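Visitor: First the structure, which I've put down as structure tokens, then a few questions once you've had a look.
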Amino acid sequence: QVQLVESGGRSVQTGDSLRLSCVASGRTFSNYAVGWFRQAPGKEREFVAAISRSGDKTYYADSVKGRFTISRDNAKNTVYLQMNSLKPEDTAIYYCAADIKTGLAVSTKFDDYDYWGQGTQVTVSS
């Protein structure tokens, strides 16, 4: 079992920055990859970013590349999503997810992830 708790979401203005955190427990944190996904009302859940077990590989959706940075601190059992230059279209519930099956591979598909947090709301207004 992996338990994931997201935090850091809030209402901000266009152009602002925000850092989301995902704290994990239940398994050795460094043994799984972690992804960030988001879902806006009426839209499909979409991939945002992912990071490998060791943190040496990261992947980003084109929509956030250059603005968002995913990182992990295995000593703190935490994955972060630093979001800069936020836009209204970034408004969504943001979820972190753990892929316990991965070795070196990192998936961008939410179906490949095994455990999910409850999400944290990010609202960006202009």
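The values are calculated or read from the model by the stated rules, or taken from the named source; none is laboratory data. What you are looking at is a predicted structure, and each value in this text was computed from that prediction instead of being measured. As a convention, Cβ positions derive from the backbone with ideal geometry for all residues, glycine included, and neighbour counts pool all protein chains shown. All accessible areas refer to the heavy atoms of the entire protein, side chains included, with ligands and DNA or RNA removed. Shrake-Rupley method; radii C 1.70, N 1.55, O 1.52, S 1.80 Å.
Visitor: Could you report the chain's accessible area per residue, 1.4 Å probe, as an integer in Å²?
Guide: Working: 6290 Å² over 126 residues.
That works out to 50 Å² for each residue.
Visitor: Same structure, new question: Between segment 1-50 and segment 54-89, how many Å separate their Cα centres?
Guide: If we compute the Cα centre of each part, the gap is 9 Å.
Visitor: In this model, which of 87/109; 65/87; 43/87; 43/109; 57/101 are farther than 20 Å apart at the alpha-carbon? Intermediate results must be reported in sequence, preceding the final value.
Guide: Working: 87/109 23 Å; 65/87 13 Å; 43/87 17 Å; 43/109 16 Å; 57/101 16 Å.
Cα-Cα > 20 Å for 87/109; rest within.
Visitor: Carbon and sulfur together cover what percent of the accessible area of segment 12-73 at a 1.4 Å probe radius?
Guide: Working: 1260 of 3020 Å².
The value for segment 12-73 is 42 percent carbon and sulfur by accessible area.
Visitor: Convert each backbone phi in segment 10-25 into a coupling constant with the Karplus relation 6.51 cos²θ - 1.76 cosθ + 1.60 (shift: θ = phi - 60°), then list the ³J(HN,Hα) values in order as whole Hz, x for Gly and Pro.
Guide: So the J values, rounded to whole Hz, are 6, 8, 9, 9, 3, x, 6, 10, 7, 10, 9, 10, 10, 9, 10, 8.
Visitor: Follow-up. Picking from 86, 122, 55, whose Cα lies most toward the positive end of the charge dipole for the chain (charges on Cβ: Lys, Arg +1; Asp, Glu -1)?
Guide: 55
Visitor: Which value in nm describes the separation of the simple spin-label points at residue 45 and residue 1, placed 7 Å from the Cα toward the beta carbon?
Guide: 1.9
Visitor: Using a cut-off of 12 Å between beta-carbons, work out the net charge of the residues near residue 87 (Lys and Arg +1, Asp and Glu -1, residue 87 not included). Could the numbers behind the result be given before it?
Guide: Working: positive: 67; negative: 16, 89, 90.
For residues surrounding residue 87, the net value is -2.
Visitor: In addition: In what sequence, highest mean first, do 25-34, 100-109 appear when ranked by Cβ atoms within 10 angstrom? Let's see the in-between values first.
Guide: Values: 25-34: 17.2, 100-109: 13.9.
The packing order, highest mean first, is 25-34, 100-109.
Visitor: Give, as ranges by residue number, the residues of segment 6-34 whose backbone N falls under 16 Å from the point 7 Å along Cα→Cβ of residue 104.
Guide: 33
Visitor: Still on this structure: Mind checking the full-extension length gain between residue 87 and residue 17? Use 0.36 nm per residue of separation minus the Cα-Cα distance, one decimal, nm.
Guide: 24.2 nm
Visitor: Within 10 Å, Cβ to Cβ, of residue 24, how many net charges do the neighbouring residues add up to if Lys/Arg are +1 and Asp/Glu are -1?
Guide: Working: positive: 27, 72, 76; negative: none.
Taking every Cβ under 10 Å from that of residue 24, the sum is +3.
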